[in-house]
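A.B. asks: Input: one structure, supplied below.
The values are calculated or read from the model by the stated rules, or taken from the named source; none is laboratory data. No experiment lies behind these values; they were computed from the predicted model shown. Cβ atoms come from the backbone with ideal geometry, glycine included; neighbour counts cover every protein chain shown. Just the protein is used for accessible areas: all its heavy atoms, side chains included, with ligands, DNA and RNA removed. Shrake-Rupley method; radii C 1.70, N 1.55, O 1.52, S 1.80 Å.
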Amino acid sequence: MGEAAGFTDPEKQNLLLHDHEEKHFMSSEVVRDIIIGVSDGLTVPFALAAGLSGADVTSGIILIAGIAEVAAGAISMGLGGYLAAKSEADHYMRELKREQEEVIEVPDIEAAEVADILSQYGVEAHEYGPVVAALRRNPQAWVDFMMKFELGLEKPDPKRAVISALTIAISYIMGGLVPLSPYMVFPSPGEAVIASVIVTIIALLIFGFAKGYFTGNRPVMSALQTAFIGAMASAAAFLIAKAFRT
């Protein structure tokens, strides 16, 4: 009884929340965008450069083609991220409008849905009755409750689409410059491709480990999987180019 009373004390509740400050790396959306951008940025230009190296072209041509691909890929990936985030925001606004209309037009049905949601969490009828009544007195809170607990939708950040586009594009560029950097140093494509393989595999291992660590997966396994995928893509491109070259 004492514990329950503690949660009804606003001052004590604020103190508990202040003392228990949860720390997170960053928003899951930003992490996802970075993973998308860097993983594709490391893999696609790496495979392109390896394929062109297999075709026995000069380092200068490989570098030009690689930079062009990174630029085009960053624009394409960034635009894709923008459109995806914009679609999510549009979907949220459509559902928000529908819920706003329903709490006015069919309030009894919406109240029954609130009761059903709370009962799924083990809340008894005599306990969720006051909650339903409180929500009915506050239409905005009622709509927010339905959006989150009935539809599972969180209000998107208005700047989300732009941030997503920039994050993916910049991450793609940063990842894409890694496999291309040896072609800026070595004039021989044979030497450059070997150096590119080494630095890119190391980068893929580091990136895969970090991805696994921050997403809660096994870091070592994530590192090996990421490096394996990148290596297979570049090897396939190199061998295909060699086959057509001969």
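A.B. asks: Give the residues of segment 138-155 that are under 14 Å from R94 (Cβ atoms) and either in contact with a Cys (Cβ under 7 Å, 6 or more places away or on another chain) or exposed (fewer than 15 other Cβ atoms within 10 Å of the Cβ) (or both), sorted by residue number.
C.D. replies: Scanning segment 138-155 gives L151, K155.
A.B. asks: Scan segment 173-190 and tell me whether some residue there is closer than 30 Å to G60 by Cα, under 23 Å from the mean Cα position of the chain (by Cα) and among the small types (G, A, S).
C.D. replies: yes
A.B. asks: Of all residues in segment 80-135, which are more than 17 Å from E150 (Cα to Cα) and among the small types (G, A, S)?
C.D. replies: The answer is G80, G81, A84, A85, S87, A89, A125, G129, A133, A134.
A.B. asks: Could you check segment 32-46 and list, in sequence order, the residues that are open to solvent by 20 Å² or more (accessible area, probe 1.4 Å) and not charged (D, E, K, R)?
C.D. replies: Residues satisfying the conditions are I34, I35, I36, V38, S39, T43, V44.
A.B. asks: Also: Does R218 satisfy being open to solvent by 90 Å² or more (accessible area, probe 1.4 Å), at pLDDT below 85 and within 30 Å of P107 (Cα to Cα)?
C.D. replies: No, not satisfied.
A.B. asks: Can we say F238 is loosely packed, with under 15 Cβ neighbours inside 10 Å and either among the hydrophobic types (A, V, I, L, M, F, W, C) or more than 25 Å from the chain's Cα centre (by Cα) (or both)?
C.D. replies: Criteria not met by F238.
A.B. asks: Also, I was wondering about something else. So V123 passes all but one of these: (1) under 28 Å from G208 (Cβ atoms); (2) open to solvent by less than 50 Å² (accessible area, probe 1.4 Å). Which condition number does it fail?
C.D. replies: (1)
A.B. asks: Further question: Look at segment 169-215 and say how many of its residues are in contact (Cβ under 8 Å) with a residue 60 or more places away in the chain, open to solvent by 20 Å² or more (accessible area, probe 1.4 Å) and hydroxyl-bearing (S, T, Y).
C.D. replies: 2
A.B. asks: Continuing with this model, one more query. In the set G73, G60, G78, which member is surrounded by fewer than 16 Cβ atoms within 10 Å (Cβ to Cβ) and either small (G, A, S) or farther than 18 Å from V143 by Cβ (or both)?
C.D. replies: After ruling out the rest, the residue left standing is G60.
A.B. asks: Say whether the condition of being modelled with pLDDT of 85 or more, polar (S, T, N, Q) and either touching a strand residue (DSSP E or B) at 6+ places or on another chain (Cβ under 8 Å) or under 30 Å from M232 (Cα atoms) (or both) is met by at least one residue in segment 20-36.
C.D. replies: Checked segment 20-36: no residue is modelled with pLDDT of 85 or more, polar (S, T, N, Q) and either touching a strand residue (DSSP E or B) at 6+ places or on another chain (Cβ under 8 Å) or under 30 Å from M232 (Cα atoms) (or both).
A.B. asks: Out of (1) within 30 Å of K159 (Cβ to Cβ); (2) without any contact (Cβ under 8 Å) to a residue 24 or more places away in the chain; (3) open to solvent by less than 80 Å² (accessible area, probe 1.4 Å), the odd one out for A85 is which?
C.D. replies: Answer for A85: the failing condition is (2).
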